[in-house]
């Protein structure tokens with residue numbers, strides 16, 4: 001019996017191809033089996049939406065381990081969201097480790113805790129703050145930026161106000177300077193995973 005995961009799902013591909021390019025967004029731009037560049041309308045796994053350059057690579061990848069993780073990827077929001085979340089967690093771990101010496105004994109200026117209540121992540125600080133200022137969890141910084149942007153959109157604020165709030169994804173609220181290094185990298189992944197589902201042309 002043919003495995004349904006290997007189906008090209010022609011109807012879904014045809015419908016996807018009819019959408020304007022701005023409706024299709026992806027960050028996984030290379031085939032996971034052979035690393036060849038992928039088109040927007042590349043065939044994909046029906047369950048988890050992992051894209052491939054063709055059926056041969058899809059079958060090969062299934063045999064080499066995709067079978068074991070396909071359901072997990074689907075539960076994580078499908079391929080793009082799953083990998084964005086994974087990259088975010090990895091980036092946060094790197095940022096926390098890089099800031100470990102500087103953040104000992106400090107608390108987050110947003111939630112006032114040393115460890116994040118949900119993720120249990122440590123603190124970071126890579127901006128122009130000095131002394132006891134500027135220590136925060138990446139998750140708290142991301143949630144703060146997300147809320148500010150959402151408020152601007154809900155209240156139909158002008159483009160200038162929306163852009164100013166979007167800058168909070170990369171700017172420290174305390175010193176008003178940009179976050180740097182691995183911290184801004186982690187915030188970049190936080191921003192990406194938050195808005196991943198939006199059309200490419202959305203602002």
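Got at least one residue in segment 57-80 being closer than 23 Å to residue 194 by Cα, outside the structural domain of residue 185 (by TED's automatic domain parsing), in contact (Cβ under 8 Å) with a residue 60 or more places away in the chain and assigned to a helix (DSSP H, G or I)? There is at least one residue in segment 57-80 that is closer than 23 Å to residue 194 by Cα, outside the structural domain of residue 185 (by TED's automatic domain parsing), in contact (Cβ under 8 Å) with a residue 60 or more places away in the chain and assigned to a helix (DSSP H, G or I). Remark: residue 134 falls outside the filter, which requires a residue to be crowded, with 21+ Cβ neighbours inside 10 Å and touching a helix residue (DSSP H, G or I) at 6+ places or on another chain (Cβ under 6 Å). Residues in segment 137-172 that are in a helix (DSSP H, G or I), in contact with a helix residue (DSSP H, G or I) (Cβ under 9 Å, 6 or more places away or on another chain) and under 21 Å from residue 98 (Cα atoms): 138, 139, 141, 142, 169.
Checking each residue of segment 84-99 against the condition of being in a helix (DSSP H, G or I) and in the same structural domain as residue 175 (by TED's automatic domain parsing) gives no match.
Selection of segment 53-97 for residues being buried (at least 17 other Cβ atoms within 10 Å of the Cβ) and closer than 30 Å to residue 131 by Cβ yields 88, 91, 92, 95, 96. State whether one or more residues within segment 5-19 are under 16 Å from residue 82 (Cβ atoms) and modelled with pLDDT under 90. The answer is yes, given that some residue of segment 5-19 is under 16 Å from residue 82 (Cβ atoms) and modelled with pLDDT under 90. Out of 185, 175, 111, one residue alone is within 21 Å of the chain's Cα centre (by Cα), surrounded by 13 or more Cβ atoms within 10 Å (Cβ to Cβ) and either part of a loop (DSSP other than H, G, I, E, B) or modelled with pLDDT of 95 or more (or both). It is 185. Against the criterion of being in contact with a strand residue (DSSP E or B) (Cβ under 8 Å, 6 or more places away or on another chain), under 20 Å from residue 86 (Cβ atoms), crowded, with 18+ Cβ neighbours inside 10 Å and modelled with pLDDT of 95 or more, residue 142 does not qualify.
The values are calculated or read from the model by the stated rules, or taken from the named source; none is laboratory data. Remember, predicted model here, so these are calculated numbers, not experimental data. So basically every Cβ, Gly included, is an ideal-geometry build from the backbone, and we count neighbours across all protein chains shown.
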